[in-house]
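Below is one structure, written out as structure tokens; the observations come after it.
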There are 2 protein chains.
Amino acid sequence: MSAKIAALSERSAETGATTAAPAPPIWDIIELLFFAYRDFVGDPDEVLSKLTFGRAHHRVLHFVNRNPGMKVADLLDILNITKQSLGRVLKQLIDQGFVVQKEGAQDRRQRLLFVTPKGEALSLKLAQLQTARINRAFGELGPGAHEAARRFLTAMIDSDNRDGVLRQIARADHAKAQT
Amino acid sequence: MSAKIAALSERSAETGATTAAPAPPIWDIIELLFFAYRDFVGDPDEVLSKLTFGRAHHRVLHFVNRNPGMKVADLLDILNITKQSLGRVLKQLIDQGFVVQKEGAQDRRQRLLFVTPKGEALSLKLAQLQTARINRAFGELGPGAHEAARRFLTAMIDSDNRDGVLRQIARADHAKAQT
DNA sequence: CAAAATATGTCAACATGACTGACATAAATA
DNA sequence: TATTTATGTCAGTCATGTTGACATATTTTG
């Protein structure tokens, strides 16, 4: 068997270095991630659709709730979408009273984003649906499951984003704790 | 602190039963899952966009590759979309020679789906990108990481789907092993 | 065998949420 | 003052999902 694997390795023409054959696909994780994520976002989807909101609204609401006073530009970076795309959903959330904008104190060009009590309530409701699923899973898996999941998911993030994401989560925890 | 939590529990008017307050949101896992999944599907997206394909094509190609000879109806069940929606992407994959349909032997109404060598190559290439990320993560996490991730992701799936998903993965492993 | 059910495909219309490109405004900064 | 920055907006396009209606071939059922 190892002979077969060795036979699949290739010698690069330019460098002469031996290139290992690509590792065989890890089908189980690939597929489990697909199904787990689908169910995970499916819970909020039901609630959102009753408000004629979609996942886009959920993401905006979530991050504004977690990072009160964040700039529009920060939100665009996190969501990785264009401002035109953000504009529509943000406008709907503002028009319907889930989010408000306030002029920046130091820099008056900025429109800092905050959730209203109504927005916070919705964000919390959606997060609780997802939390119920997570806690159900952790309950089945026993102690250490939370830490193991956190480590696995963190390691799956692009290494150049990873520190930023972890910092953002830590900062948000702090911000919400003061509320 | 436990006094505070206890104070949040409510007594249902109808049943008189004590309803526990919803557990506080598990923000870290909620956000890590968002970022991890975004990066996870981002790798294939780049390759696909060069072929003017999207995630929809990826999903179809993936499941057909993993389940050679599957029926259109099975694919619809897994993807959870309408046949009109599937029709478009499937047609493109067939027209461009990534997937073929064969009439069912027993039931000639069925159009059984298979990937071509070209389709298998693309599916494999995409899976290898995702596998590289997974293996990078497992490498950082040490032994047991694969098993821990599998258990976590499995527990996150709707319990009524879970057995079906696991059966499907096991069946697909068997099918591909024979190739 | 005729009738009903099943597997699939297709036409039309529409919604959502992305995109690009261009341009506007106000405020900060060089 | 001139430039850059933060934000917003208009217009058009694309990908991918939806509903509803209908067509065709084949299998199953009464």
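Values quoted throughout were computed directly from the atomic coordinates according to the rules given, and no laboratory measurement underlies them. These figures come from a predicted structure and were not determined experimentally. Methodologically, a virtual Cβ is constructed for each residue, glycine included, from the backbone with ideal geometry; neighbour enumeration extends over all protein chains shown.
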Per-selection Kirkwood Rh - segment A:79-179 (Cα, Å, 1 d.p.): 16.6
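Taking a quarter of the surface of the convex hull around the Cα atoms of the protein assembly as shown, what do you get in nm²?
Working: hull surface 99.5 nm².
Computed as one quarter of the Cα hull surface, the answer is 24.9 nm².
Could you state, as a whole-number percent, how many of the C-alpha pairs of chain A are farther apart than 26 Å?
On the way: 7386 of 15931 pairs.
Counting pairs separated by more than 26 Å, the tail of P(r) holds 46 percent.
For chain B, what is the charge dipole size about the Cα centre, in debye to the nearest 20, if Lys and Arg each add +1 at the Cβ and Asp and Glu each add -1 at the Cβ? Mind showing how you got there, number by number?
Numbers: 25 positive and 20 negative charges, 147 e Å.
Once rounded to the nearest 20, the dipole reads 700 debye.
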Under the convention of a label 7 Å out along Cα→Cβ, give the distances in nm from B:R111 to the same position in every other copy, shortest first. 4.6
For B:L79, place a label point 7 Å from Cα along the Cα-to-Cβ direction in every copy; what are the distances to the other copies, in nm, shortest first? 2.7
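Work out the mean other chain Cβ neighbour count within 10 Å for the residues of B:84-94 and drop it here as an integer.
Numbers: counts 0, 0, 0, 0, 0, 0, 0, 0, 0, 0, 0.
Going residue by residue through B:84-94 and averaging, the value is 0.
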Determine the distance separating the Cα centre of segment A:111-179 from the Cα centre of segment B:74-135; give it in Å without decimals. 35
Per-residue average of other protein chain Cβ atoms inside 10 Å, peptide B:118-128 -> 2
What are the distances, in nm and sorted shortest first, from the label point of A:A23 to the label points of the same position in each other copy, with each label point placed 7 Å from Cα along the Cα-to-Cβ direction? 3.0
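Within the set A:K71/A:K125; A:K50/B:K102; B:K83/B:K125, which residue pairs have Cα atoms separated by over 30 Å?
Numbers: A:K71/A:K125 24 Å; A:K50/B:K102 41 Å; B:K83/B:K125 27 Å.
Listed pairs above 30 Å: A:K50/B:K102.
Would you calculate, for the protein assembly as shown, the mean residue ellipticity at 222 nm contributed by helices, counting each DSSP H stretch of 4 or more residues as -39,500 (n - 2.57) and dividing by all residues, to the nearest 500? Write down the numbers at each step before the final one.
Numbers: 16 runs with 239 residues, N = 358.
Roughly -22000 deg cm²/dmol at 222 nm, from the helical runs in the protein assembly as shown.
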With charges only on Cβ, +1 for K and R and -1 for D and E, what is the dipole size of the protein assembly as shown about its Cα centre, in debye, rounded to 20? 720
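Would you tell me the mean number of C-beta atoms belonging to other protein chains that fall within 10 Å of each C-beta in A:157-166, as a whole number?
On the way: counts 10, 8, 3, 0, 3, 4, 0, 1, 6, 4.
What the average comes to for A:157-166 is 4.
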